[in-house]
Amino acid sequence: MQVGFEEQKLARVNKPELGHTKGVGYKFLKEFKMEAGDLEVGSTITADTFSEGDTVVISSTSKGHGFSGVVKRHGFHGGPRSHGQKHSEREAGSIGGGGRAGGRVAKGMRMAGRMGNDRVTIKNLKVLKINAATGEMIISGAIPGAPGALVEILSM
């Protein structure tokens, strides 16, 4: 089943997609592996498709943190603040050595780097309340993504 969201100017949509969507351009076009059920082409999916007490699966892109150090990215404690340590408060510390890796950096070593901006799926969340008039759903639990991010909600 394919779902389109937020109509787009026709000049910004390529011709194959226009032909596929029968002349309507969508900003977001997503495909789900599921049966369409009683839905027909062009029908609208609203919040009242779900009901209170349903168990849902939510997927979205997590909040991006850019290039982060080891303290933020992996929860390292950093070095001591005293005893002659000048600039090593948030550093990783020793990464090599003559141990198993033989003086090289072992694969999978936790270091600073890009953090967040990953696809995250949270399962077994409960729908607490649905407001059909405004199209809002109240769901218990953590929902990935920054405020205003596009979120996929599937019923289990």
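FYI, it's all coordinate maths here, none of it is from the lab. Note that this is a predicted model, so its numbers are computed, not measured. Ideal geometry is used to build each Cβ from the backbone, glycine not excepted, and the neighbour counts take in all protein chains shown.
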- Would you mind ranking Met109, Met115 so that the residue whose beta carbon has the fewest other beta carbons within 10 Å leads the list? Met109, Met115
- Query: Roughly how big is the range 69-112's charge dipole about its Cα centre, with Cβ charges of +1 (Lys, Arg) and -1 (Asp, Glu), in debye to the nearest 20?
  - Reply: 160
- Taking neighbour counts of Cβ atoms within 10 Å as a proxy for exposure, in what order, fewest first, do Lys30, Lys107 appear? Lys107, Lys30
- Message: Against the empirical 2.2 N^0.38 Å scaling, what ratio does the C-alpha Rg of the range 69-112 come to?
- Response: 1.30
- Considering only Ala142, Ala112, Ala36, give the residue with the highest GNM mean-square fluctuation for the chain, with springs between Cα atoms whenever their separation is below 10 Å. Ala36
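Please report the net charge: other residues with Cβ closer than 9 Å to the Cβ of Gly64, K and R +1, D and E -1.
My count for the surroundings of Gly64 gives +1.
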- Query: Considering the dipole of the chain built from charges on the beta carbon (Lys and Arg +1, Asp and Glu -1) around the Cα centre, which of Ala112, His74, Gly93 is farthest to its positive end?
  - Reply: Gly93
- Of Arg119, Arg110, Arg73, the most mobile residue in a GNM of the chain (C-alpha springs, cutoff 10 Å) is Arg110
- Task: Please state, to two decimals, what the Cα-based radius of gyration of the range 71-144 comes to when divided by 2.2 N^0.38 Å (N = residues).
- Result: 1.91
- Note on the structure: Final fewest-first order of Val56, Val3 on the 10 Å Cβ neighbour count is Val3, Val56
- Item | Residue with peak Gaussian network fluctuation, the chain [Cα springs, cutoff 10 Å], from Gly97, Gly75, Gly116 | Gly97
- Task: Would you work out the relative contact order for the range 69-112, in percent, from Cα pairs under 8 angstrom that are 6 or more residues apart?
- Result: 39
